[in-house]
Amino acid sequence: MCLLEGAEDARATASGMAAVASAIGCQLKAGDHIVAAKALFGSCRWVIEKLMPSYGVACTLVDGKNLDAWKQAVRPETKVFFLESPTNPTLELCDIRAIADLAHENGAKLIVDNVFATPLQQKPLALGADIVVYSATKHIDGQGRCLGGIVLSGKKWIEENLHDYFRHTGPSLSPFNAWVLLKGLETLPVRVRQQTETAAKLCEFLASHAGVKRAIYPGAPSHPQAELAQKQMTGGSTLLAFEVEGGKQAAFALENALKLIRISNNLGDAKSLITHPATTTHKNLAAEDQAELGISPGLLRLSVGLEDVDDLMTDLDQALAAARCFLSRPAAICRGTSP
Ligand SMILES: *Cc1c(COP(=O)(O)O)cnc(C)c1O
């Protein structure tokens, strides 16, 4: 992982959340302040918004896309910036280089959760970040077999911050899971390349499909931050999001009609997995927070697997038809589509 990431040193953890919690917890103390982007994996938000304040570490959540918001949030006691890019589930981007520069001007460290880009499509350390974290549960395993995570940084930072914390709090990866994850790393480039290619095709297919309001994919020219994607990523990610007309009921009808794509909130797997963020990964957010993040009732997140692209299109096509049928007729007529 150090070679892939261009990092001097790393520590492997039992899960992605162990990596995130260790990277944050090992360098902060009561009285410090953390600034983080609002659009985060739910548990990361919990650590920053709920856990850290209970230990006396204040936090400010900002719109990660807005550099001025980061600037305004900085206080003399700010020690850490935290972000995820692309974000879950709406695949927005944060300008890693600009935010790293701002962190350093203010004596803070930038942690990047790089799960959605994978180490192959974005190198946060080369863009100026100080620490990179992964959930290895996702693309690195890639086959739903075990949990894992990793924290990567410079030797000095690990020695001075993470080393003792790690030794004494025990978030380490088990040897067996380390072996499984190393097997996953052997095929990571082949899987990610194939999944990215398929994701781009599915985005095009969905964007032009009746019943789809919008399709979001960082690799697409239509992405609102396509220029930034070009600048800091070397691939469009293996995930996409799309919004169906008809809100939650249509989204549920679509999910229930799928035959090949499975419903799960895991991602980066060899199997294509779909999830309804508003009622699963982000259900703990208040309705107005969901709306602010673009998590509408009709939004679905698709993690693209290794199936044949034509099979995936066929599956989505028939499921979209089922969702449309559900919208226009009583549920009883649309077999297998009741939400
Ligand atoms: C899954 C995920 C995590 C947490 O990882 P676990 O291995 O499930 O603990 C953190 N951040 C992001 C972006 C994730 O997708």
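The residues of region 53-108 that are away from the ligand (no atom under 15 Å from the Cβ) and of a type in the set (S, T, N, Q), listed by number, are 54, 60, 66, 72, 78, 106. Restricting 44, 26 to those that are away from the ligand (no atom under 16 Å from the Cβ) and of a type in the set (A, V, I, L, M, F, W, C) reduces the list to 26.
Checking each residue in region 167-179 for being touching a residue at least 40 places away in the same chain (Cβ under 8 Å) and either of a type outside the set (S, T, N, Q) or in a helix (DSSP H, G or I) (or both) picks out 169, 171, 173, 177, 178. Sub-7 Å Cβ pairs linking a first residue in region 180-207 that is over 15 Å from residue 308 (Cβ atoms) to a second residue that is among the β-branched types (Val, Ile, Thr) and not in a helix (DSSP H, G or I), at least 6 apart or interchain, are 181/140; 184/140; 185/140; 188/140; 192/238; 196/238; 206/212, ordered by first then second residue. Checking each residue in region 135-162 for being modelled with pLDDT of 95 or more and exposed (fewer than 15 other Cβ atoms within 10 Å of the Cβ) picks out 145, 154, 155, 156, 159, 160.
The rows are residues; the columns are (1) crowded, with 22+ Cβ neighbours inside 10 Å; (2) of a type in the set (S, T, N, Q).
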| position | (1), (2) |
| --- | --- |
| 78 | no, yes |
| 82 | yes, no |
| 87 | yes, yes |
| 115 | yes, no |
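Among the helices (runs of 4 or more DSSP H) confined to region 229-339, the ones with at least 3 residues that are of a type in the set (S, T, N, Q) and away from the ligand (no atom under 16 Å from the Cβ) are located at 309-328.
The values are calculated or read from the model by the stated rules, or taken from the named source; none is laboratory data. These numbers come from a predicted model, not from an experiment. All Cβ positions, glycine included, derive from the backbone under ideal geometry; neighbour counts span all protein chains shown.
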